[in-house]
């Protein structure tokens with residue numbers, strides 16, 4: 001009992017910290033449909049697994065050496081477990097100075113990230129705060145202005161991106177460095193209605209641009225999960241955001257030095273779904289439903305899509321085959337005809353880097369008509385964004401499998417895998433395979449213009465050439481010359497990929513893992 | 001009022017609704033041929049067709065209003 005008085009004081013101080021910004025501010029926070037920061041953390045992690053660090057940090061006021069007031073630091077963090085695996089987790093306390101950095105005590109945020117890097121575990125950021133400098137009130141407090149720097153955050157952010165999974169949730173109005181903490185991540189989710197992300201909020205926008213806009217229209221889920229691509233996914237509420245974070249992490253290793261965790265499944269690796277035989281319409285211009293197709297191939301209930309509403313012509317999702325996590329890229333003919341446009345290229349690049357960083361084998365389901373064409377696509381810089389995506393393909397070193405479902409045209413179509421002699425991507429095609437540098441329909445006019453224009457009946461002559469070339473379009477002719485290695489029954493796709501994924505993991509198990517050296521930009 | 005817009009450029013292949021029709025959310029209202037693919041354009045919300053702004057065979061830019069719903 002020697003130290004009992006100190007233990008009593010410790011417990012008393014913890015109680016003060018648990019009061020957050022005080023009853024009134026906490027109630028207001030709850031009334032806005034938000035959980036308090038500790039409740040968020042304990043709800044997200046496994047029961048009783050949260051081990052807080054730095055609970056005693058705060059701004060204390062003393063009178064005659066008696067603690068009379070305590071304002072806890074507005075960043076709460078520590079270690080926890082998700083599905084039994086360690087994570088570092090932290091969140092802003094909006095009830096203390098709006099979660100702004102001027103309410104922080106010590107650099108708990110950087111501490112959390114360093115801890116994650118040292119322990120090689122994921123970083124979970126529950127962001128509900130504003131800028132690094134907090135507010136201009138700081139100027140009054142310190143009696144001067146200051147040159148912005150933010151060394152703590154950037155010291156760890158780049159290392160984290162190539163070493164451990166970084167997930168972020170935007171759970172309130174998030175501006176400045178808070179917005180950066182959401183964006184510099186492998187996976188980000190924004191809570192619909194209560195989460196907004198912006199470089200600066202409405203008052204700053206009004207003063208700087210003379211434009212009044214409310215925070216939801218400025219940086220809500222509609223802006224960032226449906227257009228800008230700043231946030232990968234939107235969540236219907238905070239609990240949904242936590243569930244998405246849990247599911248995302250379930251496919252990833254704890255760090256780039258490890259392999260993604262295998263999960264047992266009762267779905268047979270040799271399952272052959274009849275639907276796959278008819279899923280691609282014979283009429284070339286009729287689209288198919290790509291998400292349905294993917295679900296026929298991967299394990300039941302293992303489909304997790306990232307960035308559904310951004311760059312919609314490309315579908316990027318995580319899934320499992322025979323219990324092994326894989327990263328799947330597919331083209332969606334329902335959006336922009338499935339062509340590779342600027343947002344689609346950006347999404348693809350980040351996803352390939354994610355898979356390569358965390359040792360996830362990649363499956364590319366190809367139905368690629370080519371880069372998007374037209375004035376708007378050129379203005380958006382499609383070829384620049386596109387070649388960056390192709391560079392990512394040639395840079396990545398994880399096992400790669402290509403299934404050509406249908407079209408593979410042009411430079412974008414050629415980029416369905418790394419064709420270097422140093423690689424051997426596993427490649428198969430379906431009988432619906434249709435490929436070339438240029439599509440016959442448009443290509444005929446480009447290649448035979450002079451002959452066509454000189455013909456007595458140009459239109460029927462053009463048709464004649466097209467018909468002649470179409471007879472040569474059968475993918476079996478391509479297979480005769482071994483230009484496509486194999487054409488398979490679509491129903492065999494899952495059994496074949498299930499065997500390939502075993503090989504892929506065997507290769508990864510015997511490889512030297514760890515950061516790839518190219519780094520990873522958000 | 002909801003405007004159904006072309007999300008990418010293309011040629012209107014088919015207008016699948018008529019003036020006064022009531023449509024449900026995600027119903028196919030126009031088929032746009034783009035990159036040689038017949039892509040359905042869906043109603044973002046339920047409503048009654050109050051205006052059809054395009055006709056079959058017409059080229060439309062990205063962002064063009066195709067149909068208005070009340």
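Each residue in A:416, A:226 was given a count of other beta-carbon atoms within 10 angstrom of its own, and listing them fewest first yields A:226, A:416.
Taking the Cα centroid of the stretch A:215-265 and of the stretch A:107-177, what is the distance between the two, rounded to the nearest whole Å? Comparing the Cα centres of the stretch A:215-265 and the stretch A:107-177, I get a distance of 19 Å. With each label modelled as a point 7 angstrom along the Cα→C-beta vector, the residue A:467-residue A:7 pair spans 9.5 nm. Modelled spin labels at residue A:474 and residue B:2, positioned 7 Å past Cα toward Cβ, are 4.7 nm from each other. Taken as Cα centroids, the stretch B:1-49 and the stretch A:446-492 sit 33 Å apart, rounded to the nearest whole angstrom. Going by alpha carbons, how many degrees (0 to 90, nearest 10) lie between the helix axis of A:493-509 and the longest principal axis of chain A? That helix lies at roughly 50 degrees to the long axis.
For the protein assembly as shown, the antiparallel share of DSSP beta bridges with both residues in that region comes to about 55%. With distances taken between every two different alpha-carbon atoms, the stretch A:348-387 has a Kirkwood hydrodynamic radius of 12.0 Å. With angles folded into 0 to 90 degrees, how steeply does helix A:4-18 sit against the dominant principal axis of chain A? Use alpha carbons for both and round to 10. Approximately 50 degrees, to the nearest ten.
Could you state the angle between the C-alpha long axis of helix A:238-250 and the longest principal axis of the C-alpha atoms of chain A, as a value from 0 to 90 degrees rounded to the nearest 10? Once rounded, one gets 60 degrees. For the stretch A:8-52, the gyration tensor built on C-alpha atoms gives an oblate shape. Its axis ratio a/c (a ≥ b ≥ c) is at least 1.5, and a/b is not larger than b/c. Here A:496, A:469, A:340 are placed in order of increasing Cβ neighbour count within 10 Å, fewest first, which gives A:469, A:496, A:340. Over all pairs of different C-alpha atoms, chain B has a mean inverse distance whose reciprocal, the Kirkwood radius, equals 11.6 Å. Taking a ≥ b ≥ c as the square roots of the eigenvalues of the Cα gyration tensor, the stretch A:403-521 is prolate, since a/c reaches 1.5 or more and a/b is larger than b/c.
Using C-alpha pairs under 8 Å with a sequence gap of at least 6, the mean separation divided by the residue count of chain A gives a relative contact order of 10 percent. Treating each Cα of the stretch A:352-471 as one equal point scatterer and applying the Debye formula with no solvent, the log10 of I(q)/I(0) at q = 0.13, 0.14, 0.20 Å⁻¹ comes out as -0.66, -0.73, -1.11. Taking the fewest neighbouring Cβ atoms within 10 Å as the starting point, the ordered list for A:426, A:461 is A:461, A:426.
Here, chain A has an Rg and a Dmax of 26.9, 109 Å when only alpha carbons are counted.
Fully extending the segment from residue A:423 to residue A:286, taken as 0.36 nm per residue of separation minus the present Cα-Cα distance, adds 45.9 nm. The alpha carbon convex hull volume per residue for the stretch A:244-402 rounds to 113 Å³.
FYI, it's all coordinate maths here, none of it is from the lab. Fair warning: this is a prediction, and the values are worked out from it, not measured in the lab. Note: ideal-geometry Cβ built from the backbone for every residue, glycine included; neighbour counts use all protein chains shown.
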